[in-house]
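**Student:** Take a look at the following structure, please.
Any read-out appearing in this document is the output of simple, stated calculations on the displayed coordinates, not a laboratory observation. Just so it is clear, the model here is predicted, and its values are computed rather than measured. Methodologically, a virtual Cβ is constructed for each residue, glycine included, from the backbone with ideal geometry; neighbour enumeration extends over all protein chains shown.
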Amino acid sequence: MAELSDASFPKFAAGCRWGGTAEAPVVLFPEGAIRVEGTGRIILELCDGHFSLAEIVQKLETQFILAPKGKIRADVLTFLEQLHAKRIIDY
Amino acid sequence: MANPLALIAEITHRCPLHCVYCSNPLELTSRQEELATADWLRVFGEASALGVLHLHLTGGEPLARADLAEMIAGARKSRLYSNLITSGIGLSRERLAQLVEAGLDHIQISFQDSSEGQANWIAGARSHAHKLELAGWIRSHRIAFTVNLVVHRQNIEHLEEMIAALEGLHPDRMEIAHAQYYGWALQNRSALLPTRAQLDRAVAVVAAAEERLRGKVRIDSVIPDYHARYPKACMGGWGRQLMLIDPAGRALPCHAAGVIPGLHFDNVREHTLDWIWQNSGAFQKFRGEDWMPEPCRSCDRRKEDFGGCRCQAFLLTGDASATDPVCELAPLHHLIEDAVREDAVTSSAPEFREAPFHVLQEKMAGFWSYRTDPKR
């Protein structure tokens, strides 16, 4: 499995994209869909290939200033690695 | 009532292949009866409004429809995720580019075996070499690519080899699906059902491949239910998640539902999809739990497997309301035990594995029945 690092640029894998409606967006992929809300949605909206992992973490840290140091990075890493194993996110 | 999540569009029953495990009904729909493009586009719009997310374009061979690109464009316009389930036969590099341009999200190509002669023997047509070339073209586009292996007694011993060969095509996903015994596969069951020992080895092969390919290829595997303790949650429950429209526009709760006597399938030419989902008698027949006999009715697993498959219950017991005989708790479970025992004694894989297609067909004449083509 590829290593996810600060310099990685996470993006949707081929054949994965947004769907559903503006009120209830889903990520569509072969044979499945996940409803994403809250932080998950914020993270995935940043996974357009333009932001590095470091930049994504930084943006979230600005937004959630009360989160303990390091927690956001760890959470984002786990979330993206899970989606990578499902072949939804590439980096 | 929840809304359906996926629409399976069997857009034609015409097909250049004659696979012995085909899940299509034995009575195929002719070209003249097929729905027109405009009907399909309307159905896709209705599906999306009903909450459907995924559209599976299948057949027969969906490429047999000249208006396929138009349908994909219509699906995209209706915000559906489109998946093309195809043999790839007749798909040129140019036509593939057109389908991608129209908005195709995912393509799924089935493979019959790892060696050319044997793969063609199972498909009843020369097709294997073209599929390998097609895989290369697919990877030049940004769409998802699944390779599908249908596993049965005639190829199960080559599973490791098949996985290794298909890995080299760089798919995103590999679907390793044991044949399910409906339609043509049921007709040919005695040549297709693997033995327990074969299945156990295959399960170990798949587990090793999953481990090795983690993060590279997603593997989804389907175990043959004849060897399971409990039945499969067929279609995620009757009338709960899926709708299938056949080439003539009839709406079915699943691929095989046409075998159940007394069901009337409403047609999209006469009703909206929403109306059918809510009101069609065929969808209501086994929805929920009221129809369930014992032991299902009081079983804790009824919310997981919904009593199993209604079509299989009918095909094997003659009663569509019976507990799926696959279940070890089913009163008629012995039907499955007998099948596993009896079918396993029929002759196994031919010894002329490396023989060319025509030699195999000649030597194995009468071994099984190939899927036919719809009547003109």
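**Student:** Which whole-percent values make up P(r) of chain A when all C-alpha to C-alpha distances are grouped in 10 Å steps starting at zero?
**Tutor:** 17, 51, 28, 4
**Student:** How large is log10 of I(q)/I(0) for the protein assembly as shown at q = 0.09 Å⁻¹ when the intensity is taken from the Debye formula with one equal scatterer per alpha-carbon?
**Tutor:** Log10 of I(q)/I(0), two decimals: -0.64.
**Student:** Could you grab the relative contact order for chain B? Cα pairs under 8 Å, six or more apart, rounded to a whole percent. Display every interim value, and only then the final one.
**Tutor:** On the way: 725 pairs, mean separation 83.7, N = 376.
RCO, chain B: 22 percent.
**Student:** Additional query: Which loop trypsin sites (Lys or Arg not before Pro) in region B:110-163, with loop taken from DSSP, have no more than 12 other Cβ atoms within 10 angstrom of their Cβ? Can you show the working numbers first?
**Tutor:** On the way: sites: B:ARG126, B:LYS131, B:ARG139, B:ARG142, B:ARG153; in loops: B:ARG126, B:ARG139, B:ARG142, B:ARG153.
Within region B:110-163, the qualifying trypsin sites (Lys or Arg not before Pro) (loop, at most 12 other Cβ atoms within 10 Å) are B:ARG142.
**Student:** Give me A:GLU31, B:GLU61, B:GLU362 ranked fewest to most by other Cβ atoms within 10 Å of their Cβ, as a rough exposure proxy.
**Tutor:** Working: A:GLU31 18, B:GLU61 21, B:GLU362 11.
Final ranking by Cβ density, sparse to dense: B:GLU362, A:GLU31, B:GLU61.
**Student:** To continue, here is another question. As an exercise, identify the trypsin sites (Lys or Arg not before Pro) in region B:205-272 lying in DSSP coil whose Cβ has no more than 10 other Cβ atoms within 10 Å. Don't jump to the answer; show the numbers that get you there.
**Tutor:** Working: sites: B:ARG212, B:ARG214, B:LYS216, B:ARG218, B:ARG229, B:LYS232, B:ARG240, B:ARG250, B:ARG269; in loops: B:ARG214, B:LYS216, B:ARG229, B:LYS232, B:ARG240, B:ARG269.
In loop regions of region B:205-272 (DSSP not H, G, I, E or B), the sparsely surrounded trypsin sites (Lys or Arg not before Pro) are B:ARG229.
**Student:** Further, regarding this structure: Counting Lys and Arg as +1 and Asp and Glu as -1, what is the net charge of the other residues whose Cβ lies under 15 Å from the Cβ of B:PRO295? Walk me through the numbers on the way to the answer.
**Tutor:** On the way: positive: B:ARG229, B:ARG297, B:ARG301, B:ARG302, B:LYS303; negative: B:GLU289, B:GLU294, B:ASP300, B:GLU304, B:ASP305, B:ASP319, B:ASP324, B:GLU328.
Within the 15 Å Cβ shell, the charges total -3.
**Student:** If you place +1 on the Cβ of every Lys and Arg and -1 on the Cβ of every Asp and Glu, how big does the dipole about the Cα centre of chain A come out, in debye to the nearest 20? All intermediate terms of the calculation are to be shown ahead of the outcome.
**Tutor:** Working: 10 positive and 12 negative charges, 21 e Å.
Charge dipole, chain A, about its Cα centre: 100 debye, nearest 20.
**Student:** Further question on the same structure: Using the Kirkwood formula on the Cα atoms of chain B, what hydrodynamic radius do you get, in angstrom to one decimal?
**Tutor:** Details: mean 1/r = 0.0468 Å⁻¹.
One decimal place: 21.4 Å for the Kirkwood radius.
**Student:** What is the order of B:LEU244, B:LEU50, fewest Cβ neighbours within 10 Å to most? Provide the component values of the computation, followed by the final result.
**Tutor:** On the way: B:LEU244 22, B:LEU50 18.
Ordered by Cβ neighbours within 10 Å, fewest first: B:LEU50, B:LEU244.
**Student:** Is the shape of region B:293-344 best called rounded, prolate or oblate, per the rule: a/c under 1.5 gives rounded, else a/b larger than b/c gives prolate, else oblate, with a ≥ b ≥ c the square roots of the Cα gyration tensor eigenvalues?
**Tutor:** On the way: a/c = 2.24, a/b = 1.70, b/c = 1.32.
Prolate.
**Student:** Could you give me the radius of gyration and the Dmax of region B:151-284, taking only the C-alpha atoms into account and expressing both in angstrom?
**Tutor:** In Å, with Rg to one decimal and Dmax whole: 18.4, 51.
**Student:** By counting other Cβ atoms within 10 Å of each Cβ, how are B:HIS56, B:HIS358 ranked from fewest to most?
**Tutor:** Working: B:HIS56 21, B:HIS358 12.
Ordered from fewest to most neighbouring Cβ atoms within 10 Å, B:HIS56, B:HIS358 come out as B:HIS358, B:HIS56.
**Student:** Now a separate question. Near A:LYS69, which lysines are there with a Cα under 18 Å away, not counting those fewer than 8 places off in the same chain?
**Tutor:** The reachable lysines, counting only those whose Cα sits under 18 Å from A:LYS69, are A:LYS59.
**Student:** So how strong a dipole does region B:1-105 carry about its Cα centre when Lys and Arg Cβ are +1 and Asp and Glu Cβ are -1, to the nearest 20 debye?
**Tutor:** That gives a dipole near 220 debye.
**Student:** Follow-up. Under a crude label model (7 Å from the Cα following the beta-carbon direction), how far is B:ALA129 from B:GLU342 in nanometres?
**Tutor:** Roughly 4.2 nm, to one decimal.
**Student:** If I fit a long axis through the Cα atoms of helix A:53-63 and take the longest principal axis of the Cα atoms of chain A, what angle between them do I get, 0 to 90°, rounded to 10?
**Tutor:** 70
**Student:** With springs only between Cα atoms under 10 Å, which of A:LEU28, A:LEU66, A:LEU53 fluctuates most in a Gaussian network model of chain A?
**Tutor:** Comparing A:LEU28, A:LEU66, A:LEU53 in a Gaussian network model of chain A, the most mobile one is A:LEU66.
**Student:** How many nm separate the modelled label positions at B:MET1 and B:ASP319, each set 7 Å beyond the Cα in the direction of the Cβ?
**Tutor:** With each label placed 7 Å out from Cα toward Cβ, I get 2.7 nm.
**Student:** Under 10 Å from the Cβ of B:ALA202, count the other residues' Cβ atoms, weight Lys and Arg +1, Asp and Glu -1, and hand me the total. Write down the numbers at each step before the final one.
**Tutor:** Details: positive: B:ARG201; negative: B:GLU157, B:GLU160, B:ASP200.
Once all neighbours under 10 Å are counted, the net charge is -2.
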